[in-house]
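Inspection log for the structure reproduced underneath, given as structure tokens.
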Amino acid sequence: MKAFVTVMPKTGVLDPQGKAIEHALAGLGYHGVGEVRAGKVIELELAETDPAKAKEAATEMARRLLANTVIESFRVEVAGA
């Protein structure tokens, strides 16, 4: 079973990578783009077959290691194998 953990900077936290992308897009002529926030997606292959247990395990992994919960938020999605 696969779990996808999406980690993003919390609202109000400085996001220099997002700002750099925002400016680069404007430089390429994409002027209709508003604020850009950059994050990461972590794909986990889990042995667990129960979707609820897989989501619980991935959530614990995100909370303990994958996201810095002081400045980042995260979302966990689970997909069947």
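The values are calculated or read from the model by the stated rules, or taken from the named source; none is laboratory data. From a predicted model like this one, the values you see are computed outputs, not experimental measurements. Note: ideal-geometry Cβ built from the backbone for every residue, glycine included; neighbour counts use all protein chains shown. Please note that ligands, DNA and RNA were not included when accessible areas were found on the heavy atoms of the full protein model with its side chains. Shrake-Rupley method; radii C 1.70, N 1.55, O 1.52, S 1.80 Å.
Assuming ALA79 fulfils every condition listed in (1) touching a residue at least 24 places away in the same chain (Cβ under 8 Å); (2) surrounded by 12 or more Cβ atoms within 10 Å (Cβ to Cβ); (3) of a type in the set (Gly, Ala, Ser) apart from one, which condition is it?
Only one criterion in (1) touching a residue at least 24 places away in the same chain (Cβ under 8 Å); (2) surrounded by 12 or more Cβ atoms within 10 Å (Cβ to Cβ); (3) of a type in the set (Gly, Ala, Ser) is unmet by ALA79, namely (2).
Provide a single number: the residues in segment 10-50 that are within 13 Å of GLU72 (Cβ to Cβ) and more than 17 Å from the chain's Cα centre (by Cα).
Matching residues across segment 10-50 total 0.
Among the residues of segment 71-81 satisfying the criterion of being in a loop (DSSP other than H, G, I, E, B) and closer than 16 Å to LYS2 by Cα, which is modelled with the highest pLDDT?
Let us first name the residues in segment 71-81 that are in a loop (DSSP other than H, G, I, E, B), namely 71, 80-81.
Pick out the ones that are also closer than 16 Å to LYS2 by Cα and you get 80-81.
Values: GLY80: 76, ALA81: 53.
The selected residue is GLY80.
Name the residues in segment 31-48 that are open to solvent by 80 Å² or more (accessible area, probe 1.4 Å), in contact (Cβ under 8 Å) with a residue 40 or more places away in the chain and touching a Phe, Trp or Tyr at 6+ places or on another chain (Cβ under 8 Å), would you?
GLU43
Working only within segment 37-56, note down all residues that are closer than 27 Å to LYS10 by Cβ and either touching a His at 6+ places or on another chain (Cβ under 9 Å) or among the acidic types (Asp, Glu) (or both).
Across segment 37-56, the qualifying residues are GLU43, GLU56.
Sort out which residues of segment 9-30 are in contact (Cβ under 8 Å) with a residue 24 or more places away in the chain and outside any loop (DSSP other than H, G, I, E, B), and write them in order of number. Step through it out loud before you land on a result.
Let us first name the residues in segment 9-30 that are in contact (Cβ under 8 Å) with a residue 24 or more places away in the chain, namely 9-10, 13.
Listed by number, the list holds a single entry, PRO9.
If you take the residues in segment 65-81 that are touching a helix residue (DSSP H, G or I) at 6+ places or on another chain (Cβ under 9 Å) and of a type in the set (Val, Ile, Thr), which one is farthest from LYS53 (Cα to Cα)?
THR69
Which ones in segment 49-70 are crowded, with 17+ Cβ neighbours inside 10 Å and either hydroxyl-bearing (Ser, Thr, Tyr) or closer than 15 Å to LYS2 by Cα (or both)? So that I can check it myself, show each step before the final result.
To start, the set of residues in segment 49-70 that are crowded, with 17+ Cβ neighbours inside 10 Å comprises 54-55, 57-59, 61-62, 66-67.
Residues satisfying the conditions are ALA54, LYS55, ALA57, ALA58, THR59, MET61, ALA62.
Being under 13 Å from the mean Cα position of the chain (by Cα) and among the charged types (D, E, K, R) is the filter here, so list the residues in segment 51-81 that pass it.
Once the filter is applied, which keeps residues that are under 13 Å from the mean Cα position of the chain (by Cα) and among the charged types (D, E, K, R), segment 51-81 yields ARG63, GLU72, ARG75, GLU77.
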